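J.: Can you keep this structure in mind? I'll have questions shortly.
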Amino acid sequence: MAGLDWRLLLCPMEGLAPPMGMMTPQDRVEEHKAAVLLGLPPTELRRFSRLSGIGHLEESGHGQEMVFTYEELRRLCLLAAQSSK
């Protein structure tokens with residue numbers, strides 16, 4: 001990930017995602033769905049999330065799980081695409 005341009009990940013596009021405390025169920029993407037949408041195994045999604053600080057933990061009926069906004073998924077997609085070069 002040496003060639004990663006972190007500016008792509010750190011500059012949110014304003015107006016696309018609501019603040020974390022105001023997310024509705026339609027605004028949030030749970031870890032499994034996020035992995036499917038990005039075409040990544042859940043372990044890779046978690047790794048990219050941990051390295052970039054993108055996503056957040058929420059309590060669920062199954063314990064804690066990573067949850068993302070669609071804007072965060074866009075940023076993770078850029079990260080995953082750039083790391084595969």
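J.: When you go through 57, 40, 79 one by one, which is the residue that is assigned to a helix (DSSP H, G or I), more than 9 Å from the chain's Cα centre (by Cα) and modelled with pLDDT under 90?
T.: That would be 79, the only listed residue that is assigned to a helix (DSSP H, G or I), more than 9 Å from the chain's Cα centre (by Cα) and modelled with pLDDT under 90.
J.: When the residues of region 60-76 are filtered to those that are part of a strand (DSSP E or B) and of a type outside the set (A, V, I, L, M, F, W, C), which remaining residue is nearest to residue 26 (Cα to Cα)?
T.: Here the residue is 69.
J.: Only one of (1) surrounded by fewer than 20 Cβ atoms within 10 Å (Cβ to Cβ); (2) modelled with pLDDT under 85 fails for residue 47. Which number is that?
T.: Result: residue 47 fails condition (2) only.
J.: Only residues in region 16-35 that are more than 10 Å from residue 67 (Cβ to Cβ) and among the polar types (S, T, N, Q) count as the first member; pair them with residues that are assigned to a loop (DSSP other than H, G, I, E, B) and at pLDDT below 55, Cβ under 8 angstrom, at least 6 apart or cross-chain, and list the lot.
T.: Going by the 8 Å Cβ cut-off, the qualifying pairs are 24/18.
J.: Has region 14-31 got any residue that is modelled with pLDDT under 90, surrounded by 11 or more Cβ atoms within 10 Å (Cβ to Cβ) and assigned to a helix (DSSP H, G or I)?
T.: Checked region 14-31: at least one residue is modelled with pLDDT under 90, surrounded by 11 or more Cβ atoms within 10 Å (Cβ to Cβ) and assigned to a helix (DSSP H, G or I).
The values are calculated or read from the model by the stated rules, or taken from the named source; none is laboratory data. Note that the structure is predicted; figures quoted are calculated from it, not measured. Cβ sites come from the backbone with ideal geometry, for glycine too, and all protein chains shown count toward neighbours.
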